[in-house]
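Novice: One structure, as structure tokens, below. Some questions next.
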Amino acid sequence: MRAIPAASVALLGVAALSACVPAHGSTFGFTLSPATVAPGGEVTLGVGRGAGGCKGRVTVSSAVFDTVTIPRHEHSATAEVDRDARRGAVYEVKFTCDGRTEALDLTIAGHPGHPTHQPRHPDKGVHAGEGGSVAGFDVKEIGLGALLVAGSVGAAYHLSRRRSGEDAA
């Protein structure tokens, strides 16, 4: 009878660990730090060199900084963001290695203490279609969250229904 609680704990542990894994990201382990930077700031461009990662030279390009090359035996490089980068904009940063290209987003921050001013009467209509509780999520994230919640509820129910006689055995 001790196999059932052990299996429940193991399943719950696997569910919790799988929920910690990002649902999207780079398969080569590309990183961009920080993901939000002020115009003129520096970003660190990284590459995972472990199993399944990029083994060759990495070329990193974006509209807001000069193209950067990370040599094959290095793990990171830095790039200076253009001072005239548009505040509040999101730019694509492309990493190319071993014939594969993957992209990450870089957000340009507004000036501290001085919010970006928006016109009172914008030229364009409202950007619609991304509202609600599902915007920005994907099916894998929702499924893993539901699995984690169901596992937690199941474990709580199981532990609350245990007989005191099983503890003595």
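Novice: Treating segment 63-111 as a set of equal point scatterers at the Cα positions, no solvent, please give the Debye-formula log₁₀ I(q)/I(0) at q = 0.18, 0.26, 0.32 Å⁻¹.
Specialist: At q = 0.18, 0.26, 0.32 Å⁻¹ the computed log10 ratios are -0.65, -1.10, -1.34.
Novice: Provide the net charge surrounding H73, with neighbours chosen by a C-beta distance below 11 Å and charges set as Lys +1, Arg +1, Asp -1, Glu -1.
Specialist: In short, +3.
Novice: Sticking with this one: Can you figure out the FRET efficiency of R86 with V149, using R₀ = 41 Å and their beta-carbon distance, to the nearest 0.05?
Specialist: Rounded to the nearest 0.05, the efficiency is 0.55.
Novice: Given R₀ = 22 Å, what would the calculated FRET efficiency be for A38 paired with E102, taking r from the Cβ atoms and rounding to 0.05?
Specialist: Taking R0 as 22 Å, the efficiency between A38 and E102 is 0.30.
Novice: Would you kindly find the accessible area of T67, with a 1.4 Å probe and non-protein molecules such as ligands, DNA and RNA excluded, rounding to the nearest 10 Å²?
Specialist: Using a 1.4 Å probe on the heavy atoms, I get roughly 90 Å².
Novice: To the nearest 0.05, how large is the calculated FRET efficiency for T69 and D138 if R₀ is 30 Å and r is the Cβ-Cβ distance?
Specialist: 0.40
Novice: Let me ask something else about it. Report the gain in length on full extension from R57 to R162: 0.36 nm times residue separation, minus Cα-Cα distance, nm rounded to one decimal.
Specialist: 32.0 nm
Novice: What size of dipole, in debye to the nearest 20, comes out for segment 23-102 about its Cα centre when the only charges are +1 on Lys and Arg C-beta atoms and -1 on Asp and Glu C-beta atoms?
Specialist: 220
Novice: Another question, if that's okay. Collect residues whose amide H, placed 1.01 Å from N in the peptide plane, falls under 5 Å from the amide H of A38; neighbours closer than 5 in sequence don't count.
Specialist: A109
The values are calculated or read from the model by the stated rules, or taken from the named source; none is laboratory data. Computed from a prediction, not measured in an experiment: that's the story for all the values here. Positions of Cβ are generated from backbone atoms using ideal geometry, with glycine treated the same way; all protein chains shown enter the neighbour counts. Note: accessible area is taken over every heavy atom of the protein model, side chains too, but ligands, DNA and RNA are not part of it. Shrake-Rupley method; radii C 1.70, N 1.55, O 1.52, S 1.80 Å.
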